[in-house]
1. Calculate, for B:Q155 and B:H134, the FRET efficiency according to 1/(1 + (r/R0)^6) with r their C-beta to C-beta distance and R0 45 Å; round to the nearest 0.05.
2. For helix A:39-53, what angle does its Cα long axis make with the longest principal axis of chain A, in degrees from 0 to 90 and rounded to 10?
3. Translational diffusion coefficient of the protein assembly as shown at 20 °C, 1.002 mPa s, Stokes-Einstein with Kirkwood Rh over Cα pairs, in µm²/s as a whole number.
4. List the distances, in nm to one decimal, from the label point of D:A25 to the label points of the same position in every other copy, shortest first, placing each label point 7 Å from Cα along the Cα-to-Cβ direction.
5. Report the label-to-label distance for A:D141 and D:R69 in nanometres (one decimal), using points 7 Å from each Cα along the Cα→Cβ vector.
6. Of B:V49, B:F113, B:V24, which is farthest along the charge dipole of segment B:1-126 in the positive direction, counting Lys and Arg as +1 and Asp and Glu as -1 at C-beta?
7. Quick one: with label points 7 Å out along Cα→Cβ, list the inter-copy distances for A:M115 in nm, shortest first?
8. Which value, in debye to the nearest 20, gives the size of the charge dipole of segment A:49-116 about its Cα centre, when Lys and Arg are +1 and Asp and Glu are -1 at the Cβ?
There are 4 protein chains.
Amino acid sequence: MNDGPGQPQGTLAMPSDRAWRGTVAIRFSHCDPAGIVYFARYFDLLNGVVEDWFGEALGIDYHEMIGPRRIGLGYANAGADFHRPGFMGDRLDCAVTVERIGQKSFTLRIHAFRMSEPVLVARFVIVTTSLESHTSIALPDDLRAALERYQENCQ
Amino acid sequence: MNDGPGQPQGTLAMPSDRAWRGTVAIRFSHCDPAGIVYFARYFDLLNGVVEDWFGEALGIDYHEMIGPRRIGLGYANAGADFHRPGFMGDRLDCAVTVERIGQKSFTLRIHAFRMSEPVLVARFVIVTTSLESHTSIALPDDLRAALERYQENCQ
Amino acid sequence: MNDGPGQPQGTLAMPSDRAWRGTVAIRFSHCDPAGIVYFARYFDLLNGVVEDWFGEALGIDYHEMIGPRRIGLGYANAGADFHRPGFMGDRLDCAVTVERIGQKSFTLRIHAFRMSEPVLVARFVIVTTSLESHTSIALPDDLRAALERYQENCQ
Amino acid sequence: MNDGPGQPQGTLAMPSDRAWRGTVAIRFSHCDPAGIVYFARYFDLLNGVVEDWFGEALGIDYHEMIGPRRIGLGYANAGADFHRPGFMGDRLDCAVTVERIGQKSFTLRIHAFRMSEPVLVARFVIVTTSLESHTSIALPDDLRAALERYQENCQ
């Protein structure tokens with residue numbers, strides 16, 4: 001699995017103890033006929049983790065960004081290594097770390113664990129966009145400040 | 001976007017003209033409140049492309065693999081670069097190429113275009129598994145042969 | 001199942017031969033750990049049938065209604081009787097009939113068959129709304145005319 | 001809306017104060033390009049409410065039913081009246097009541113409120129099935145007893 005592009009490297013490195021953590025409860029409908037979490041559903045669940053992290057760790061209301069402020073939080077890149085299957089009834093602890101803060105985008109890494117067992121590592125490049133033009137815009141000041149603060153606190 | 005792991009590299013390289021292509025029609029329900037295709041839904045739609053490609057290009061029934069044969073086609077890694085937003089009513093042409101054939105897994109690349117415009121490039125590492133034990137197993141012979149034939153035909 | 005409110009009655013009555021029919025291919029991701037189509041996914045798939053029916057039978061672009069025209073097609077009521085489970089690989093023929101045309105809403109019935117076998121019958125009360133205020137508005141003239149024409153042609 | 005079959009009647013009647021209540025947080029991905037909760041997603045979210053209610057109110061593990069016990073909890077009928085649109089950031093209180101306990105099925109009603117405002121009322125006819133044969137089976141004794149106890153406690 002180290003054979004090329006597309007995979008987070010060193011994904012088994014542990015996130016900081018000071019990283020914010022959210023919990024995802026795996027439900028019946030998250031699973032597929034193979035009896036495990038459907039990979040596309042993971043991306044949806046992790047977007048929910050990002051939403052909660054915005055509010056709870058950054059102090060910024062995700063829905064207010066999209067709604068009243070009309071700032072999109074789009075994905076330029078999304079990827080994940082799936083280390084172990086997830087099952088109905090699992091409770092996954094998801095730790096969010098900020099890997100990079102750019103001009104118009106930032107990169108998050110999410111490590112999901114079942115107890116202490118690594119289940120997946122995802123990496124998202126999120127771009128701030130105008131919801132009128134669907135083009136990228138500079139990170140809003142409050143978001144940039146919050147990301148910097150969070151990143152520093154995690155070190 | 002060349003700044004690290006997690007991104008397909010050289011993703012704008014064109015797929016072979018001989019690659020199989022499927023079409024995805026973007027519907028209302030594929031889109032989010034930002035008015036564009038929700039990124040997690042793309043992964044779901046692309047799994048549908050893989051299903052169709054199995055049947056039409058490889059000559060192997062995807063559902064029969066999962067069902068009667070009890071062989072899982074799980075994701076060890078999934079990632080995508082999203083180059084342009086997708087909108088309701090778009091019809092995306094999705095070209096599938098085989099990038100790697102391993103012992104227990106293979107890697108696909110899917111380029112999606114709206115007319116000639118690149119919309120996304122995805123890369124999937126798919127592992128064959130036993131649906132009893134959820135552990136990886138060697139690629140079944142018919143699948144390996146079909147992948148090799150397809151890969152060769154695309155060159 | 002005739003024991004109360006909430007169920008379409010007489011749902012096994014056959015739709016008119018002149019009703020428009022769309023096809024839904026059941027995929028891996030439409031199914032749940034019980035190995036059959038997940039009931040919520042059916043509602044999503046049937047919304048896709050309604051989209052196609054708009055364009056092909058009514059001659060009205062569903063996405064243009066929602067997008068440029070800013071007219072919502074919301075659900076005041078949605079319900080279905082599930083007669084038989086759906087499985088991966090099924091191809092369901094879905095016949096759409098117009099049951100009622102009101103001032104601000106209309107009622108559709110969709111019968112889905114696997115070959116000649118009834119799989120489900122759904123009934124949708126769809127309300128036209130302003131996407132600014134999210135309140136109901138009168139059916140646009142072109143939509144009303146198309147619904148009336150369709151209803152008449154099916155008799 | 002009292003004009004025929006398919007609609008829960010008297011849906012604005014309040015559920016018992018003793019009914020179990022679960023909370024659903026409305027996320028970005030639950031909403032559609034119209035900016036409101038996508039109707040099919042409601043059915044998915046309500047299935048999650050039923051899962052939680054099984055564990056917390058009935059004392060029966062939903063996932064254990066489906067998994068180790070191989071008893072399906074399928075939908076013979078599902079329907080909802082949508083009274084008001086749901087928006088990102090809403091928190092819906094969902095009260096579950098048992099309307100009917102049959103031989104091989106039972107009927108639930110779920111009232112969802114945003115604060116005291118009714119948002120939707122759903123009605124589900126859930127059938128217990130064998131996951132081997134996908135045919136209905138008698139309600140298991142523990143489930144029947146728990147449903148009766150719950151129904152009685154709510155009166």
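Values in this text are rule-based calculations from the coordinates and carry no lab data. The shown structure was predicted, so the numbers you read here are calculated from the model rather than taken from an experiment. Quick reminder, even Gly has a Cβ in these numbers, built from the backbone with ideal geometry, and neighbours come from all protein chains shown.
1. About 0.85, to the nearest 0.05.
2. Value to nearest ten degrees: 50.
3. 85 µm²/s
4. D:A25 label point versus its equivalents elsewhere: 1.2, 3.7, 3.8 nm.
5. 5.9 nm
6. It is B:V49.
7. 4.5, 4.9, 5.6
8. In debye, rounded to 20, segment A:49-116 gives about 240.
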